[in-house]
């Protein structure tokens, strides 16, 4: 299983934390498609606290954190 944690605007209409089977979601790209999050909207992608790419392979027990771009001023 892979734990997916969503932050900020990604939480709207979605669970804050979702657990998915790694066999069906072998990369973050698969997760993004399932959750209907456009890859270009992901500003920070972490796997187990380390900056990662959407096509990096996932393994059981991984924690994926997704952050959108946040504006401010």
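Structure above, values below:
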{"read-out": "Hits in segment 34-55 - residues which are touching a strand residue (DSSP E or B) at 6+ places or on another chain (Cβ under 6 Å) and closer than 16 Å to residue 21 by Cα", "value": "47"}
{"read-out": "Enumeration of residues in segment 18-73 that are over 15 Å from residue 7 (Cα atoms), in a strand (DSSP E or B) and in contact with a helix residue (DSSP H, G or I) (Cβ under 8 Å, 6 or more places away or on another chain)", "value": "20"}
{"read-out": "Flag if residue 14 is out of contact with any strand residue (DSSP E or B) (no Cβ under 8 Å at 6 or more places or on another chain) and either surrounded by fewer than 17 Cβ atoms within 10 Å (Cβ to Cβ) or in a strand (DSSP E or B) (or both)", "value": "no"}
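Every number in this text was worked out from the coordinates using simple rules, so none of it is lab data. Quick caveat, the model's predicted, so the values are computed rather than measured. Cβ sites come from the backbone with ideal geometry, for glycine too, and all protein chains shown count toward neighbours.
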